[in-house]
Structures are given as structure tokens and as C-alpha cells.
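Heads up: the structure comes next, in C-alpha cells.
No value in this document is a laboratory result; all are computed from the given coordinates. Here the structure is a predicted model, which is why all the values come from computation and not from measurement. Methodologically, a virtual Cβ is constructed for each residue, glycine included, from the backbone with ideal geometry; neighbour enumeration extends over all protein chains shown.
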């Protein structure tokens, strides 16, 4: 009997699937990137890419990171985006490199953290945006893990 493949999952110790993202990770707080951890990355994963979007704001991108370690299980500590140890990061819709936390103009918005398991490193140059990272990843995605949080002013 074959061994079941572990589920590729993304989690945060700061908030759970579908719950409120704490203020400290938003424009109303410290605006630091939340702690994230993953498990069960598919066999053959060489690198990971992370894209954080707000679908309620037409796909407004809050964070792009790529060429993260392809370890089956791993994590990003709180505040890594502004750390000298940050992974390669792209440009968000704020026009900045790194993490820009939730800052909805009104109402409750959803923030989707998508972690892509890739069969190669992307080795992109400059500060690519989310679309450029997704284009480079096309044909190389082995799996995807998602975590969604909410926030409102």
C-alpha cells in the first residue's frame, strides 16, 4: 500500500485560517510580516515563492518573496521582510519592496497568502512584481498551499 502524501499546508502562529490578522501586522500597527510556517512541500521542491494578495481590492499585492528554501517543512519568522536575512523579495502594489500589511480603505478584506512549491529556483533579477514571479513559475509549480486572514479598519 502506498504511503499517503502529506498535505502541503501553510500556517501562522499569529492567526488561523479565516480569522482576523492581528493589528501589529497591518498599517495600523508595526506593519511587520507575520510568522509563517509550512509543511508537506511536495517531493522535488527546489524553491518556494510567496505571494500575498487582497482579492477584495482587485488582487492588490501586499508581499512577494521568492527563491525561499525548498525544504519540505520550514518557516519565516515575524518581521523577516525588513530583516537583512530576508529572502529575495519583489515589488508590492504599494510600489515598495517587501511586506506591506493590510490597510483596507473600508469594510472587511481578505488576505490570501499563497505559497508555491517549485521544481527550480526562479533566480529573477531586480525587484519583480507578483505577475513576473507567477510568469516565471508557470510550468514549474508542484503544489500550492494557502492561508487566508481578514482585516478591517
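Structure above, values below:
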quantity: Test: residue in region 58-78 that is farther than 20 Å from residue 138 by Cβ, surrounded by fewer than 20 Cβ atoms within 10 Å (Cβ to Cβ) and in contact with a helix residue (DSSP H, G or I) (Cβ under 9 Å, 6 or more places away or on another chain); calculated: yes
quantity: Answer residue from region 102-120, given it is over 12 Å from the mean Cα position of the chain (by Cα) and surrounded by 18 or more Cβ atoms within 10 Å (Cβ to Cβ) and is farthest from residue 44 (Cα to Cα) among those; calculated: 104
quantity: Among (1) part of a loop (DSSP other than H, G, I, E, B); (2) in contact with a strand residue (DSSP E or B) (Cβ under 9 Å, 6 or more places away or on another chain); (3) under 23 Å from residue 19 (Cβ atoms), the one test that residue 105 misses; calculated: (2)
quantity: Output for region 10-45, where each listed residue is out of contact with any strand residue (DSSP E or B) (no Cβ under 6 Å at 6 or more places or on another chain) and not in a loop (DSSP other than H, G, I, E, B); calculated: 23, 24, 25
quantity: Residue list for region 46-93, restricted to those being over 16 Å from the mean Cα position of the chain (by Cα), part of a loop (DSSP other than H, G, I, E, B) and within 25 Å of residue 108 (Cβ to Cβ); calculated: 58
quantity: Verdict on residue 9 being closer than 19 Å to residue 151 by Cα and surrounded by 14 or more Cβ atoms within 10 Å (Cβ to Cβ); calculated: no
quantity: Neighbours by Cβ (under 6 Å, 6+ apart or cross-chain): first from region 10-21, in contact (Cβ under 8 Å) with a residue 24 or more places away in the chain and on the phi < 0 side of the Ramachandran plot; second part of a loop (DSSP other than H, G, I, E, B) and exposed (fewer than 14 other Cβ atoms within 10 Å of the Cβ); calculated: none
quantity: Yes/no for residue 86 being closer than 20 Å to residue 121 by Cα and surrounded by 15 or more Cβ atoms within 10 Å (Cβ to Cβ); calculated: yes
